[in-house]
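What follows is one structure encoded as structure tokens, with my remarks underneath.
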Amino acid sequence: MTTAVADAHAAEDHDDHGPTKGYKRWLFSTNHKDIGTMYLIFSLVMFFVGGAMAMVIRSELAVPGLQFVHPEFFNSMTTMHALIMVFGAVMPAFVGLANWMIPLMIGAPDMALPRMNNWSFWILPVAFGILLSTLLMPGGAPAGGWTMYPPLILQTGDAFPFLIFSVHLMGISSIMGSINVIVTIINMRAPDMTLLKMPMFVWTWLITAYLLIAVMPVLAGAVTMLLTDQFFGTSFFLAAGGGDPVMFQHIFWFFGHPEVYIMILPAFGVVSEIIPTFSRKKLFGHDSMVYAASCIAFLSFIVWAHHMFTVGMPLTGQLFFMFATMLIAVPTGVKIFNWVATMWRGAMTFETPMLFSLAFVFLFTIGGFSGLMLAIQPADVQYHDTYFVVAHFHYVLVPGSVFAIMAGAYYWLPKWTGHMYNEKLGKLHFWASTIFVNITFFPQHFLGLAGMPRRIPDYSVQFADFNLVSSIGAIGFGLSQLLFVAVLLTAKRGEKATDRVWEGSHGLEWTVPSPAPWHTFTTPPKARIANESFE
Amino acid sequence: MSLLGLLLASTASADWALNMPRGVTDLSAETYGLHMMVFWWCVAIGVVVFGVMIISLFMHRKSKGAEPASFSHSTVAEVLWTAIPVVILLIMAVPAAETMVKLEDTRDPDISIVATAYQWKWHYEYQDEGIDFYSSLARPSVEARRKQSGVDVSTVENYLLDVDRPVVVPKGAKVRLLLTSNDVIHSWWVPELAIKKDAIPGIVNETWFKPNEVGTYRGQCTELCGKDHGYMPIVVEVVEPAAYQAWVDARKDGDAKFASAQ
């Protein structure tokens with residue numbers, strides 16, 4: 001009797017409860033899948049906008065001499081490229097994946113705070129609209145670097161307050177998004193899913209969300225102090241008024257270093273989902289992976305000044321930050337060893353998501369190696385602010401974060417669309433991306449070691465050869481990404497996807513139909529059943 | 001790939017330079033040594049990790065009929081691959097810390113030079129000799145660097161790395177550099193001297209070098225400092241002590257004449 005009533009009730013509420021038609025579906029959406037889709041599309045658009053700026057940078061740097069742009073505009077391009085890629089492409093892409101997949105992975109009907117979810121997305125187009133509009137302002141777009149160091153950033157023209165405001169908006173969006181993730185994960189898991197039973201992607205996002213809540217307000221505080229220094233007569237960072245320009249760097253990097261892990265921990269999560277699926281074997285050392293990720297998150301708060309080894313810190317301070325930074329290699333190593341151990345004696349197949357994940361493990365490790373080299377303070381004095389650093393962080397961000405996002409997109413695309421994507425096209429996209437990303441960024445190690453500083457629009461002729469190689473690679477990488485658009489445009493033409501999609505897939509998201517219906521898990525599922533294939 | 005790069009290094013011309021210069025000070029050689037030590041550790045770790053992974057990629061594939069194993073945990077392995085990296089890190093950290101201590105020891109200099117950064121040039125003041133001058137991008141580069149200047153920059157000698165007035169120091173002297181800035185943050189770097197330190201308004205930073213070889217060493221500003229950040233090079237000429245004294249005398253003479261003519 002009670003069940004019948006409950007069923008009737010459910011039918012009343014949810015049957016025929018499809019999306020509204022037209023633009024209102026998207027503008028007023030509170031559905032985690034729709035919002036996830038919007039986040040992902042937004043981040044892809046930003047990826048191309050930021051990518052176009054990278055093309056301007058690499059075109060100018062292809063040969064020595066100044067051919068296309070003035071130095072001011074060049075500096076605007078490097079600044080905007082970084083801001084857009086960090087805050088507009090990588091972070092929203094991970095939030096998009098979180099929106100789509102976390103409720104499906106933990107068996108929740110939606111995100112815990114759907115209206116806030118809507119708001120945290122719709123702030124982003126406004127924030128980036130403001131940021132991009134600075135390109136048209138007198139004095140040009142911000143050109144002081146994405147790190148916004150004063151006093152230089154205070155020389156920005158009319159764009160300055162718009163830059164600060166857009167950073168505030170991005171911060172608000174991120175904080176709301178991460179509160180949503182935390183509340184969802186803590187409260188809405190399937191009843192039998194204990195914390196340590198959660199999939200790795202959910203775990204890494206939980207940790208990431210805490211990092212975001214901890215550091216985005218710090219960034220907001222730092223840029224607010226810039227704003228008051230500029231317009232309200234304060235001297236937080238102005239030496240002439242008794243302030244300290246270096247203090248900004250400490251505050252900025254207290255945000256900036258955890259930010260690095262905000263961009264890589266969800267990538268670890270994605271890869272930790274994909275490698276077991278295509279190795280047909282359980283993730284090796286699930287619990288130690290969780291501890292390692294938590295450990296990385298903790299350490300990320302006490303290493304910030306390794307970005308500042310040349311500002312003139314006391315010796316003891318530098319020693320502390322060197323040792324703490326080197327320590328990060330340990331939990332990061334654990335992650336990599338666990339992935340390799342997951343593959344070991346598995347039965348691997350190499351579909352596109354797996355290919356991107358394998359490239360991630362290889363190339364992120366190379367970025368990790370250069371990171372270890374950068375931790376050695378005396379050597380960092382030589383590397384600091386050269387192309388060696390540019391090579392390092394592009395290795396961890398492009399074949400790191402971006403490849404993980406691509407891997408995740410290919411992995412879950414059939415669940416989203418209900419059709420298999422074009423595998424041939426996907427593989428072509430993978431190989432083109434992997435080859436060109438190395439042609440672009442590997443020679444930059446050599447440039448940095450040979451003495452080429454970063455953020456310069458022109459260079460001495462001895463750097464010409466590798467710069468040309470790098471530029472050719474960059475154009476190739478940029479064009480390769482059009483293949484991904486082709487994959488998306490043809491995504492619905494493939495054969496119908498099964499519910500499980502992949503032979504080795506596991507977890508709750510594969511128990512719902514493909515495409516995932518607009519509402520899923522209106523009644524809580526049993527997580528144990530989904531994992532039985534591996535038990 | 002980096003291994004391949006190093007092998008090529010021995011035969012490559014300067015234009016395809018692959019590695020950090022050894023430099024001309026004791027500390028630059030130590031820094032180079034640290035850099036290479038960590039690099040070879042990375043190569044070794046890479047060979048092991050990538051080696052295991054590549055073997056797995058070839059042996060454990062479904063198309064070869066591999067059956068997935070069921071293990072998913074090993075405490076022994078976890079402890080080992082936590083402990084071994086800690087030991088390797090300690091091996092790296094000790095010599096790095098030793099070099100750091102030396103880098104920071106600016107006591108007892110023979111010469112002290114105050115370098116003040118401006119957008120976009122350097123000003124040098126020799127504290128005891130009473131010499132001071134501005135040092136900015138050399139004229140041929142200034143003309144060639146303009147957008148579509150029509151000048152083939154490969155014909156300009158030391159394009160973007162030459163100045164009108166270089167810093168001159170004697171070989172074998174401990175030179176202390178005091179760095180500050182008049183406007184925004186800049187950074188003073190000469191790779192061959194293995195010295196990089198920020199010039200920050202309101203703060204005086206110290207660093208030092210002791211060149212062992214006569215020669216001309218070039219570097220650049222390495223902290224983004226505005227539109228002409230790429231155009232404020234640094235040139236240090238290391239000369240024999242006698243030549244240095246002659247330069248000091250000539251400078252003083254020249255400065256005095258210049259002052260009296262005013």
With +1 at each Lys and Arg Cβ and -1 at each Asp and Glu Cβ, the charge dipole magnitude of region B:114-262 around its Cα centre, to the nearest 20 debye, comes out at 260
Looking only at lysines whose Cα falls under 24 Å of A:LYS424's and that sit 8 or more positions away or on another chain, we get A:LYS415, A:LYS492, A:LYS496, B:LYS62, B:LYS64
One finds, for B:TYR134 and B:VAL94 with R0 = 35 angstrom and r their Cβ-Cβ distance, a FRET efficiency to the nearest 0.05 of 0.25
Restricting to lysines and to Cα separations under 30 Å from B:LYS121, and discarding same-chain partners fewer than 8 apart, the set is B:LYS102, B:LYS147, B:LYS171, B:LYS174, B:LYS196, B:LYS197, B:LYS210, B:LYS227, B:LYS252, B:LYS257
Taking the protein assembly as shown and counting helices only, DSSP H stretches of n ≥ 4 at -39,500 (n - 2.57) each over all residues, the nearest-500 ellipticity at 222 nm comes to -19000 deg cm²/dmol
Between B:ILE55 and A:LEU136, the two model label points (7 Å from Cα along the beta-carbon direction) sit apart by a distance in nm of 6.1
Out of A:PRO71, B:MET100, A:HIS419 - ranked by how far each Cα lies towards the positive end of the dipole of the protein assembly as shown, with unit charges on the beta-carbon of charged residues - the top one is A:HIS419
Of all DSSP beta bridges having both residues in the protein assembly as shown, the percent classed as antiparallel (nearest 5) is 70
With +1 on the Cβ of every Lys and Arg and -1 on the Cβ of every Asp and Glu, the dipole magnitude of region B:1-150 about its Cα centre, in debye rounded to the nearest 20, is 1180
Ranking A:GLY368, A:PHE232, A:HIS32 by how far each Cα lies towards the positive end of the charge dipole of the protein assembly as shown (+1 on Lys and Arg Cβ, -1 on Asp and Glu Cβ), the top one is A:HIS32
Residue-ordered couplings for region B:89-103, obtained by feeding phi - 60° into the Karplus form 6.51 cos²θ - 1.76 cosθ + 1.60 and rounding to whole Hz (Gly and Pro as x), are 5, 4, 4, 7, 5, 5, x, 4, 5, 4, 5, 4, 4, 5, 4
Out of A:HIS384, A:LEU355, A:SER433 - ranked by how far each Cα lies towards the positive end of the dipole of region A:328-463, with unit charges on the beta-carbon of charged residues - the top one is A:LEU355
Mean projected area, convex hull of alpha-carbon positions in region A:93-175, reported to one decimal in nm², is 6.1
Most exposed to least, judged by fewest other Cβ atoms within 10 Å, A:ASP380, B:ASP164 sort to B:ASP164, A:ASP380
Expressed as a whole number, the average count of other chain Cβ atoms within 10 Å around the Cβ atoms of A:286-292 is 2
For region A:156-294, inverting the pair-averaged 1/r of distinct alpha-carbon atoms gives a Kirkwood value in Å of 17.3
Per-residue average of other protein chain Cβ atoms inside 10 Å, peptide B:28-36 -> 4
Magnitude of the Cβ-charge dipole (Lys and Arg +1, Asp and Glu -1) of chain B about the Cα centre, nearest 20 debye, reported as 940
Here D for region A:435-489, in µm²/s, from Stokes-Einstein with a Kirkwood Rh over Cα pairs at 20 °C and 1.002 mPa s, works out to 176
FRET efficiency (A:PHE48, A:PHE232; Cβ distance; R0 56 Å; to 0.05) is 0.90
Between B:ALA250 and B:VAL142, the two model label points (7 Å from Cα along the beta-carbon direction) sit apart by a distance in nm of 2.1
Ordering B:108-115, A:332-339, A:428-435 by per-residue average of other C-beta atoms within 10 angstrom, highest first, gives A:332-339, A:428-435, B:108-115
Note: A:ASP287 to A:ILE435 extended length (0.36 nm per residue) minus current alpha-carbon separation gives 49.9 nm
Pseudo-spin-label distance B:ASP26 to A:VAL126, built 7 Å along Cα→Cβ, given in nm, is 6.3
The equivalent-ellipsoid semi-axes of chain A, taken as the square roots of five times the Cα gyration tensor eigenvalues and listed largest first in whole Å, are 39, 26, 24
Using the Kirkwood radius over Cα pairs of chain B, the Stokes-Einstein translational diffusion coefficient at 25 °C and 0.890 mPa s, in µm²/s and rounded to a whole number, is 111
For chain A, the longest principal axis of the Cα atoms and the Cα long axis of helix A:265-279 enclose an angle in degrees, to the nearest 10, of 50
To the nearest 0.05, the calculated FRET efficiency linking A:LEU482 and B:ASP152 through their beta-carbon distance, R0 being 30 Å, is 0.30
Ranked output for segments A:387-393, A:233-239 by mean other Cβ atoms within 10 Å, highest leading, reads A:387-393, A:233-239
Mean separation of Cα contacts under 8 Å (at least 6 apart) over the residue count of chain B, i.e. the relative contact order in percent, is 19
Most packed first (mean Cβ within 10 Å per residue), the peptides B:187-195, B:170-178 order as B:187-195, B:170-178
Shielding of A:349-359 by other chains, given as the mean Cβ count within 10 Å, works out to 1
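FYI, it's all coordinate maths here, none of it is from the lab. This structure is a prediction, so every number in the text was calculated from the model and none was measured. When we count neighbours, we look across all protein chains shown, and the Cβ atoms used for this are built from the backbone with ideal geometry, even at glycine.
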